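Take a look at the structure below.
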Amino acid sequence: MKFTDASTVRSSIDSRMNMGAPSSYFKWVLPVVALFSVSSLPAPEPLLDSLAGITLSAFLDRAVEAFVVGDFLLADELFDQLEVRFGSEPEFQDDEFQRATLPVRGYVALANGSSRAAVDHFERFLEKFGPASRQRRFVLFSLAQAYAEIGKRERALQTYQSVEAEYPGSGEAAMALLRRCEIQFELNRFDEAFRDLNLFYESEAAFSLRLQARLRALRAALDSGRKGLGAEILLQTEWPFSSMPEVAVLAFAALEAGDFLLDTGEPAKAIRAYRYVPEKHTLVALQERRLAGLRSSLNRRQERGSDAPARVWMQHYQGIAAAVESQLDSLKEAEDYTPAFLLRFGQAFLLAERYREAAIVFQSLAEDRDAPLRMRRESHYRWVLSFQARDRWDEALLIARDYLNAYPDSELAPSVLFLIAKAYQGQDRYEDAVEVLDSLIVDFPGHRWVAQWIFTRGFCRLLNGEYAVARGDFSEYTTRFSEGLLRVNAQLWHSLTYFYERDYDSALYGINALLGEAESHHLLPEIKYRRASVLYARREYEAALRAIDDFLSSYEETHRAAEARVLRGDILMGQGELMGAAVAFSQVTPEAGPLYPYAVFQTGKIHRAREDYPRMVAHFNAYVTRAAAEYRPRLSEALYWIGWAHDQMGRGHEALPIFARVLREFGNDRSATEILLTLRAFGKLSARLENRSVGAPEVVEDFEDWLQAERSRAMHSARLTYYSRLSLYLADTYRKGGRDHVADLLILEIVETVPLRDLDAAGLGKVGQVLAGLGFPSAEEHFETLLSEFPASSERAVAFYGLARIHFQDGEYPEALGFLERFGGETPTHVLAADAAILEGEILLRTGRPESAIENMEELLRIKSARGRPHARALTLIAQARIQLGELEKAIAYYQRVYSLYQAYPDLVALSYVESALIFEELGDLEAALSTLVEMLGRADLKAQDDAVRALAARDRLAARVDALKRMNSASSQEEIVR
Amino acid sequence: MTIPKSRNESASSRCGAVIPSYLGWCRFVLLPVLFLVGTTLPKTSAQEPHSGDPFAELRNPITVTDVMGRVLTGSVLRVAHRVVHLRVPVGVGEVIYELGFDAIESVNFPGAEIRQHAEDLHRDERWPEVISVLRALLKQRRELFPILPREEPSFFVRLVEAYHLTGAAVEAIAHARLLLPYLKLARDRRYLEDVILVAHYELNLIQEARQLATVWTVARGRYSSSALGWLILAKLALNEGEAEPALVNCLYPIVFSGHLRVPFLFDCYDVAIKASRTLGEEQRARILEEELAFRAIYAPEHREDGLTIPRTE
């Protein structure tokens, strides 16, 4: 037996294992064994042969060499043989030898899958060398692993915990925790595992390890069905997405978490989760880059050292690299998840009401020729929805049509057709919408959406003013789909069709009936609000007030609350409770949008009615001095009323600068209102102050001169809106002075010089009226521009009436009636309302509906504000209707009322005289006919009327007939006498 | 420095087909009569000393090694139709060699230190000096780009970068367009395309910028590694008071960028937020602001008067 130099052996092992600190494993003097018991070696013969006669030291050298090159099977065999051959040698049994070799043997056994042997080696080591050993950390860690592999999980947990407790902050402690949590997951001890992983994530450990713990927790949460926890972990972690190794694991976990959040109604969070999901090509590229990085890192580690603890780390990273590689392979082989993901991603945007983003995603997928057809089709459909949700009907319509062109046989075709109908509805093209819905209802009678189609058709018809047919649809819905989701809605709208027809009794009846049925329905507040509206329309103010108070006490927070407060104000105004109404209006806040200025101006109206001018000034001053950023439309109007109130208080010198300000600041503002009123007030006041020699700087000496000069200045400075307003005002002035032709010339000058885009609502209406009166076709363009560009203006009434009149003159009665219905529905209180009613009466007469005409005109006769010419006109129309009905005597009575009571309208008086006379003639009462005409022609004021000519001709004819009759009668009398 | 010829050139050569065998592989033209007298046609000035000119060395003759191992030293007369016309001094006269691209093995340019100096200057971001040195180097080499390996034209992307970073938009466009045909690396090409786009935008060439940006967005696709094209389209729209298209263009990269940080994403958020406010969509603006913070996207450091395109090496 001979001994080698100890330092030589250590240096040999150190250099080959590149151990660094762990070199202390082998600090003893290795004995060289002279003899082998060859027969006991399990190794192959050639190897054993080569080991024959080898010393312990040389044997150890071979074993270590095998270990270093990673040939653990050979190393294991050699270490076993070492024990067999030299186990009884004192050198072998020497503590230092055992201290050095046992951990290596344990690791080798572990690497070979001989976990029980590994446990044996490690336990022997710990038993022999206890807690003071330098190799303890490695041995404990490996022992825990070996325990786990042989199924002793509790022992494994305890041992890992020992590593953590004894070596806090070390890499092994971190890995011990990760592995311990894995075992806890295997043992279904999820709460403990999540708690420990979370604590670790929040610790000071290396970020890469903490991130692994976090990713493991995320994956485990999702895999164990704790998806909410998984989503929370995902969203509360700052993932270094572009540099983390297992990016695919994160991406798929994010996909799963995003789906969960989307399905549980959290689309905004789902979007956040989905942002961790790149498309497949990007993910593959990222994963490839990470894998290359890991491999290069592994290579560097391999170059740096291969001792047992280093191998533990290498094994750890090799595990990650293998996982990444496996994920990459699966990823490459798997079907591209991107299209399905994009559908979900777009849906998240859609549900989060981020419609533009949704449209971007859906369009992108719909146009992606590499995506599966069904995905593209589905995405195209949702692309339509994205625009529909934003009320972008033009785009929605185009995209929907593209869909039908691309996928005419798609099962979604009916749905897309329905979207098209909705798009038409959004564009106010109700007839087109109804046409599409008609075809849907006929072509797909069994479709699951047919109920909704019928309801929508009814709604479109209602919006189109076709109340009776709309009612039919709502009735059909309630009859056919008594359990339908929209049953209450249909019933409500059914009742409201009566409301829009001003059949308030039927409306109230329907709504009252619905109240009992809809006690727990979400529409109950709406039904109650509508009931109050109907009562208000019936002028049952007390009942209306009770109804609206009942509504407000129960539904203070609903979306109708502001409208209810406004309605309450209107009801109180109707009752004459002006201050109560003012209080109600004051409760309408700026958040109520357009209702707010309505309430403000209603309050102003109350102060005006009460002649409380100081309060009126204060009220409107408070409105105009609101911060510029706040919502305060109709500023010019408010200022006008302040000036007006000052004027009423005799403070013209305060009013004049305000009027001047309105003209200066808002004269050229196309959206500003009451500019013409301001001009009138400015002119009158200026003249008054001039007469009183009040030296206000705004006073103008000659208002007409000033108007002309101001027009020139406006034209010169291209303030064309202002120019048109000044011209219109001037034209009005000329018209009042009887200079109609000059007024018309001014209007035509506006047509020539001011583009439509610069005319305000009043300008478009007035110019349109003049053009229509002169028979110019461009009148229609003005009216249509007024309707499209001033959808909230009351001046639209002029356009409705003007367009109705044009269609009437062209004999297009249904179209004319359509505009008149819109007039009644949208601008019923406009000053042209009576004219509109009369035009409607004329159309009814022309279309052979005299009863309806009489009904309408009788209603008009009940309206006090229509007294005067409208009433006279209504009477003549009733008379004509009676003639159509053959009720000639009644007709005469109506004409007589005209020429008896409405002397101020000589044209109508003349007409009535002539028509009465003709009826008398038809009835054979020639003398009455003649005397009627004689009476008429005896009136000087009627001689210039057009009908005077007719009257003259009739009178001569009748006089001749009467004379002839008289003569005949006289002759007859003489004959009788003779007889 | 010796630069081997680019290996991906076509193997065809028109030289070999027409040259008599006794003249070997190369067709050259001897001009014995005219060039025998040095005074008739002097030697190239490149061989003259250049006192005070820091780049004089770059005008010294280059050395071309042919595929047969022959070494020729001279100056490039011109390059046309895949043939390099090399003027080589012979005695008091000179010989002009017509070397097909395929016949050239490598080219050796004088001035290796100057090239290194350019790299140092670039590293130190001394942009005006970078421009000066790279322009001289470009002048020396640009004619031979077709036969040089791809790294060589790629090296001069630094010149475009320097122009871009100093706000010299016109020069940036000119040099980017000069280099583009020779660049093989997608990364280089993308950078130059970006510079061209930004330069047009900064020069207020609205139509051209819009056209370039549109082409850019189509070419780069939905998962582009930059948001530049979308941003330019959005800025153009916003400048014209068109907030809606500005917003939609910006949203494109915001939607598809995911958690990968693409350049100009912050700018897109910025424009999208402004456009939202212009449209009166305060809620949307706030959502975008929150998202910007959640995604931890921070403002890039742009030049004072323009956009800075980050360059990845």
- Rounded to the nearest 0.05, FRET efficiency between A:Glu149 and A:Lys128 (Cβ-Cβ, R0 22 Å) equals 0.45
- Global form of region A:573-669, assessed from the alpha-carbon gyration tensor, a/c cut-off 1.5: oblate
- Note on the structure: Each residue of A:351-360 has, on average, a number of other protein chain C-beta atoms within 10 Å of its C-beta equal to 4
- Item | Residues B:Val67 and B:Glu151, FRET efficiency given R0 of 25 Å [Cβ-Cβ distance, rounded to 0.05] | 0.75
- Kindly flag which residue pairs out of A:Lys605/A:Lys736; A:Lys227/A:Lys269; B:Lys235/B:Lys274; B:Lys184/B:Lys235 have an alpha-carbon separation exceeding 21 Å in this structure. A:Lys605/A:Lys736; B:Lys184/B:Lys235
- Once the Cα gyration tensor of region A:174-223 is found, what semi-axes does its equivalent ellipsoid get, as square roots of 5 times the eigenvalues, in whole Å, sorted largest first? 17, 11, 9
- FRET efficiency for A:Arg661 and A:Glu826, Cβ-Cβ distance as r, R0 = 22 Å, nearest 0.05? 0.10
- Message: Residue by residue through region A:415-428, what is 3J(HN,Hα) from phi via Karplus (6.51 cos²θ - 1.76 cosθ + 1.60, θ = phi - 60°)? Round to whole Hz and write x for glycine and proline.
- Response: 5, 5, 4, 5, 4, 5, 4, 5, 5, 4, 4, x, 8, 6
- Note on the structure: Largest-first semi-axes in Å of the equivalent ellipsoid built from the Cα gyration tensor of region A:639-774 are 26, 16, 13
- Using only helices, what value at 222 nm comes out for the protein assembly as shown when you add -39,500 (n - 2.57) per DSSP H run of length 4 or more and divide by the total residues, to the nearest 500 deg cm²/dmol? -21500 deg cm²/dmol
- Query: For A:Leu74, what charge total do you get from the other residues with a beta carbon under 11 Å from its beta carbon, if Lys and Arg give +1 and Asp and Glu give -1?
  - Reply: -4
- Note on the structure: If N is the residue count of region A:408-566, its Cα Rg over 2.2 N^0.38 Å rounds to 1.13
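Averaged across the residues of B:251-257, what count of C-beta atoms belonging to other chains lies within 10 Å of each residue's C-beta?
Average neighbour count from other chains, rounded to a whole number: 6.
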- Note on the structure: In degrees rounded to 10, the 0-90 angle between helix A:833-846 Cα long axis and the longest Cα principal axis of chain A is 80
- On a 0 to 90° scale, report how tilted helix A:6-17 is relative to the longest principal axis of chain A, with both axes built from alpha carbons and the result rounded to the nearest 10. 30
- Item | Protection proxy ranking, peptides B:85-91, A:250-256, average beta carbon neighbours within 10 Å, highest first | A:250-256, B:85-91
- Taking 7 Å along the Cα-to-C-beta vector as the label spot, tell me the A:His447-A:Ser717 distance in nanometres, rounded to one decimal. 5.8
- Query: Ranked highest first by average number of other Cβ atoms within 10 Å, how do B:180-191, A:721-732 line up?
  - Reply: A:721-732, B:180-191
- Task: Could you sort A:674-682, B:223-231 so that the peptide with the highest average Cβ count within 10 Å comes first and the rest follow in order?
- Result: B:223-231, A:674-682
- Task: May I ask you to list the aspartates and glutamates whose Cα is less than 17 Å away from that of A:Lys528, ignoring any residue fewer than eight positions away on the same chain?
- Result: A:Asp505, A:Glu517, A:Glu519, A:Glu540, A:Glu542, A:Asp549, A:Asp550, A:Glu556, A:Glu557, A:Glu563, A:Asp570
- Task: Determine which lysines satisfy two conditions relative to A:Lys280: a Cα distance under 18 Å, and not lying fewer than 8 residues away in the same chain.
- Result: A:Lys332
- Message: What do you get for the angle between helix A:720-736 and the principal long axis of chain A? Use alpha-carbon atoms, 0 to 90 degrees, nearest ten.
- Response: 20
- Item | Within straight-line cross-link reach of A:Lys152, aspartates and glutamates at Cα separation under 16 Å, skipping those fewer than 8 residues along the same chain | A:Asp120, A:Glu123, A:Glu182, A:Glu186
- Note on the structure: HN-Hα couplings for region A:945-957 via Karplus (6.51, -1.76, 1.60; θ = phi - 60°), in whole Hz with x for Gly/Pro, come out as 6, 4, 5, 4, 5, 4, 4, 4, 4, 5, 4, 4, 5
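May I ask for the Kirkwood hydrodynamic radius of region A:849-926, worked out over all distinct Cα pairs and given in angstroms to one decimal? Walk me through the numbers before you get to the answer.
Working: mean 1/r = 0.0811 Å⁻¹.
Hydrodynamic radius (Kirkwood, Cα only) of region A:849-926 equals 12.3 Å.
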- Message: Restricting the calculation to Cα positions, tell me the Rg (one decimal) and the Dmax (whole number) of the protein assembly as shown in Å.
- Response: 48.7, 191
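Here, each number is a calculation from the coordinates, and none is a lab measurement. Nothing here was measured: the structure is a model prediction, and the numbers come from that model. Don't worry about glycine lacking a Cβ; one is built from the backbone with ideal geometry, like all the others, and counts go over all protein chains shown.
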